[in-house]
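Okay, structure first, notes after.
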Amino acid sequence: MTANVGGIIAIVVFYMLILAIGLWAAWKTHIRTSRSELLRHEVIMVGRRDIGLVLGMFTMTATWVGGAYINGTAEGVYLAGHGLAWTQAPMGFALSLTIGGLFFAKPMRTKKYVTMLDPIQETYGNWIGSLFFIPAAMGELFWTGAVLSALGSSLSVIFEINVNISVIISALISIFYTLIGGLYSVAYTDMVQLVCIVVGMYVSLPFAITHPAVTDIRITSTHYVYHEPWLGQIHAKRAWIWIDNYCLMILGGIPWQAYFQRVLSASTAAQAQIISILASICTVGLAVPSVIFGAVGASTDWNQTSYGLPDPTDRNQTQMILPLILRYLCPSYIGYFGLGAISAAVMSSADSSILSASSMFTRNIYQLAIRNEATDNELVWVMRGAIILFGGLAAGMTWLSSSVYGLWYLSSDLIFVLLFPQLLSVLFIKGSNSYGCITGYIFGLILRVGGGEPYLRLQPFICYAGCYLDIQFPGGPIYVQRFPFKTMSMLSSLLINLTVSYLTKYLFNNGMLPRKLDFLENFVTKPTTEKTNKVTPLNDGSIDDDEDKSLDGETEDSLDTPQPSEKPVTDEVAEPAIKTVDN
């Protein structure tokens, strides 16, 4: 019982620290909101767009380096048949931050969007663009589920209580301070989170490595002692799976609202780019202790510890390997400090995804697609309700899979296949339209879902080349794909989008299809203002007065529309010039 009391004290201290920071940030938000030119609900989403370089680097890094990252990386290294070679997320997400900073951060921040879905809705229309809320929200929920699952594992080791109870308690605390503080609460708790991770991990690591039950990790990296070598290896027949997963991590890590929320809240576009690059470096650096912990787990004779036999693999507790190491290989006071710090860090990581999903729902679904006339106060209350809803749904996601690393992979799948091609199209490729968007969306979804998903027990109805029945898969036999079908699905979605877009443009503009068939109104005739796919700022009141409103060569003349005449219109009145909308 003494051990549990020590764990309780540690976790309460760290939880109170995170909660206190969140409340302080909420108070600061109230002051800043009263001084801001933005509306209250926009301040909750992106602050006053005044996040500086230091705070931005901390919150951007903490967006990825949370409980799923730390626990999942240790699990990946420890997992038999997996090892370091297959622990791809640290390098994959670091590269995604680099690519995002170099190519995506500047156009998004320069045009002062509020969410990642704004340019998509701007190009394809509010209702069609809102379709992409589904993969975006599902990605955030899977990610939060992985975070809360990791936290539940940690707390169950400390308190020896049910994992589900741990998840519920942690989710409630995260929802509470996100509800009252918005982005500022999330950003400042992220800073504390990162400090907790660094201190907790590096203080605990020397004790774990030098424990008598642990064999030199240099030996166990390539030799079987108590466990398979933790370096792992990539067999030729699985090489395409390895490449497919890396493409998913790198490109699928870009179109996340949690990432763009930090980009859009940065002080300038240049700072948004710098923050992304610095965060990518920090992401790799903070994976190092977690990799070593995974190697320690694979090098431990658990029979020499109070944990005993069977080992974590045989007990199906691989997802708890990091908490187990802290509990059984470190002195109690050190172990509880590490567990408390990581648990508090995991909790504050969940709030980022909850806020992201709630922001997209409030702005892109409720405000832009359902109620354009919604007041600021109404949107604030919708935002609060969405935070509670998505926080509860994320907690429920933890029951879908017992593997933190499995949820981690799932969180990028739909975003990679459905959302990345469309974001790429609206930002960098001229000519895509709603017909191509919908067609690419449907085909990408069919190709991805058709390949199945072992971690959700979803059997494939499309067997790509190399598909085989894995009889040793945890949970029972299931068909697994060897072909890189996720990357193929993403590329197919992009190519189908562009092909159908250019084809419909050619057919309508050359009169081969009558305009009455243009039910999405991409090629209707309108007054002189010509519609293009060039991304421009949404008129949401968030553009500063000192910002150049003539981005990309557009002028205010295009906003001038003829006022209706007060005199009766006769046949002698010349009709206004019209132009065919050229997509």
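Leaving ligands and nucleic acids out of the surface, order Arg448, Arg327 by accessible area at 1.4 Å, largest first.
Details: Arg448 15, Arg327 50 Å².
Result, largest first: Arg327, Arg448.
Surface exposure of segment 240-313, expressed per residue as accessible area with a 1.4 Å probe, stands at 29 Å². Rolling a 1.4 Å probe across all protein chains gives Tyr15 an accessible area of roughly 20 Å². The share of accessible area on segment 244-386 that comes from carbon and sulfur is 60 percent, using a 1.4 angstrom probe. Applying D = kT/(6 pi eta Rh) to segment 87-243, where Rh is the Kirkwood radius over alpha-carbon pairs, T corresponds to 25 °C and eta to 0.890 mPa s, the Stokes-Einstein value obtained is 120 µm²/s.
Judged by the gyration tensor of its Cα atoms, with axes a ≥ b ≥ c, segment 265-368 is prolate; a/c meets the 1.5 cut and a/b is the larger of a/b and b/c.
Extending 7 Å from the Cα toward the beta-carbon at both Arg457 and Leu503 defines two label points whose distance is 4.0 nm. An oblate overall shape is assigned to segment 191-285, the ratio a/c of its alpha-carbon gyration tensor axes (a ≥ b ≥ c) being 1.5 or greater and a/b not exceeding b/c.
The values are calculated or read from the model by the stated rules, or taken from the named source; none is laboratory data. Source: prediction; values computed, not measured. Glycine gets a Cβ as well: all are built from the backbone with ideal geometry, and neighbour counts include every protein chain shown. Heavy atoms of the whole protein, side chains included, go into the accessibility calculation; ligands, DNA and RNA do not. Shrake-Rupley method; radii C 1.70, N 1.55, O 1.52, S 1.80 Å.
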